[in-house]
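Working notes for the structure below.
The values are calculated or read from the model by the stated rules, or taken from the named source; none is laboratory data. Since we're looking at a predicted model, the values are computed, not measured. Positions of Cβ are backbone-derived with ideal geometry, glycine not excepted, and every protein chain shown enters the neighbour counts.
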Amino acid sequence: MADIMVMVNRRYLDPMRVMFRSLFTNNPDPIRLFVFHAELEEDEIGEIRMFLEQYKNVTFVPIRLDQSCVDGLPVSDVLPAEVYYKLVALDELPEDVHQILCMDLDMIVKGSLKELFELRLPKDCPLAATQDLYGDLFGETPKNNERLGLPKNNKYFNAGLLLFNLDHIRKLPKKDGRSVLLTWAFEHSDLLKWREQDVFNGVFFGKYVSLPWALYNCPPVMFVMKQEEVNRGILRPLTREEANSMENLDGYADYTQAIAEQAVIIHYIGETKPWNKERPDTATFRFFDSYYRSWEED
């Protein structure tokens with residue numbers, strides 16, 4: 001049985017159902033689903049339970065957290081307190097959970113996650129993640145490394161999809177009853193621009209197994225890449241700064257449609273939320289049609 005956990009508040013109940021529909025339709029093997037929250041009432045939990053009853057492979061485990069455990073950490077409308085629940089939830093999981101996939105709800109799952117579920121992390125490795133490609137494309141990665149005091153060449157990763165090795169994480173020291181993650185968050189709260197993502201990178205930089213972003217954490221943007229590199233299996237899209245400064249794109253091609261078709265998980269990061277009517281115009285509809293179909297089915 002595979003284990004998955006998500007964090008939710010009332011604002012994300014509708015996107016959650018769409019994400020669940022895509023996830024469980026494409027992954028019929030047994031899944032134990034842990035849903036962490038701090039504000040949902042019993043009737044709302046009941047509605048989630050009723051929705052999930054159509055998926056006979058899913059065991060639903062709701063867990064209420066005390067929001068006060070993250071009081072004092074910086075939040076915003078875009079990045080609310082729920083993002084920090086990932087730091088707390090790891091301590092609330094049953095002992096029989098050894099690896100668990102943590103997913104954001106602004107995602108759509110287009111295919112099987114079987115290979116990801118079957119991946120076994122090394123004993124000394126806390127997690128697997130993908131590079132923060134969105135940050136790379138828009139020039140955020142160097143700024144993130146500098147702000148957090150990380151090496152310049154550090155591969156800053158995205159926290160939208162994380163595969164945790166709980167056997168390793170449970171062995172990490174605690175301080176005053178707090179996990180190393182929550183302790184780091186409070187000690188560096190003035191640095192947390194990207195909230196829990198900064199925390200995971202600050203604690204686990206250089207220690208994670210890298211997963212392919214084009215499969216498991218693909219943002220809905222345009223991908224222009226060097227043809228010769230793509231032919232060798234290297235997927236390195238031009239950054240926006242590079243694309244804007246180049247006089248011509250000889251030897252480069254637009255691989256947006258190919259990337260969209262092969263992606264297993266699309267992550268609608270930042271302003272790219274499909275339900276956001278004010279999101280920027282995009283020529284990458286390929287990334288959104290799957291979401292709209294799932295939304296209409298719901």
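The table below lists the values:
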quantity: Test result for Leu101, assigned to a strand (DSSP E or B), surrounded by 15 or more Cβ atoms within 10 Å (Cβ to Cβ) and either under 16 Å from the mean Cα position of the chain (by Cα) or aromatic (Phe, Trp, Tyr) (or both); calculated: yes
quantity: Residue in the stretch 125-135 that is modelled with the lowest pLDDT, counting only those that are within 17 Å of the chain's Cα centre (by Cα) and farther than 11 Å from Val221 by Cβ; calculated: Gly135
quantity: Checklist (1) modelled with pLDDT under 95; (2) surrounded by 14 or more Cβ atoms within 10 Å (Cβ to Cβ) applied to Gly206, failing item; calculated: (2)
quantity: Candidates Pro74, Pro62 - the one that is of a type outside the set (Gly, Ala, Ser), assigned to a strand (DSSP E or B), within 27 Å of Arg10 (Cα to Cα) and touching a residue at least 12 places away in the same chain (Cβ under 8 Å); calculated: Pro62
quantity: Matching residues in the stretch 75-105 - criterion: being at pLDDT below 95 and touching a Lys or Arg at 6+ places or on another chain (Cβ under 7 Å); calculated: Leu79, Val83, Tyr84
quantity: Odd one out for Met225 among (1) buried (at least 18 other Cβ atoms within 10 Å of the Cβ); (2) aliphatic (A, V, I, L, M); (3) outside the structural domain of Asn248 (by TED's automatic domain parsing); calculated: (3)
quantity: Scan of the stretch 54-75 for residues that are under 14 Å from Phe186 (Cβ atoms) and of a type in the set (A, V, I, L, M, F, W, C), ordered by number; calculated: Cys69, Val70, Leu73, Val75
quantity: Count of residues meeting criterion [exposed (fewer than 13 other Cβ atoms within 10 Å of the Cβ) and part of a helix (DSSP H, G or I)] in the stretch 36-48; calculated: 3
quantity: Counted residues, the stretch 227-260 - those being in a helix (DSSP H, G or I), out of contact with any Ser or Thr (no Cβ under 7 Å at 6 or more places or on another chain) and among the hydroxyl-bearing types (Ser, Thr, Tyr); calculated: 1
quantity: Total residues in the stretch 261-273, condition out of contact with any strand residue (DSSP E or B) (no Cβ under 8 Å at 6 or more places or on another chain), part of a loop (DSSP other than H, G, I, E, B) and not polar (S, T, N, Q); calculated: 3
quantity: Single residue of Leu79, Leu163, Leu87 found to be buried (at least 17 other Cβ atoms within 10 Å of the Cβ) and outside any helix (DSSP H, G or I); calculated: Leu163
quantity: Given (1) closer than 21 Å to His267 by Cα; (2) small (Gly, Ala, Ser); (3) in a helix (DSSP H, G or I), index of the condition Ala185 fails; calculated: (1)
quantity: Test result for Pro237, outside the structural domain of Ile169 (by TED's automatic domain parsing), touching a His at 6+ places or on another chain (Cβ under 9 Å) and not polar (S, T, N, Q); calculated: no
quantity: Options Lys207, Lys174; residue that is without any contact (Cβ under 8 Å) to a residue 60 or more places away in the chain and either among the charged types (D, E, K, R) or over 23 Å from Glu92 (Cα atoms) (or both); calculated: Lys174
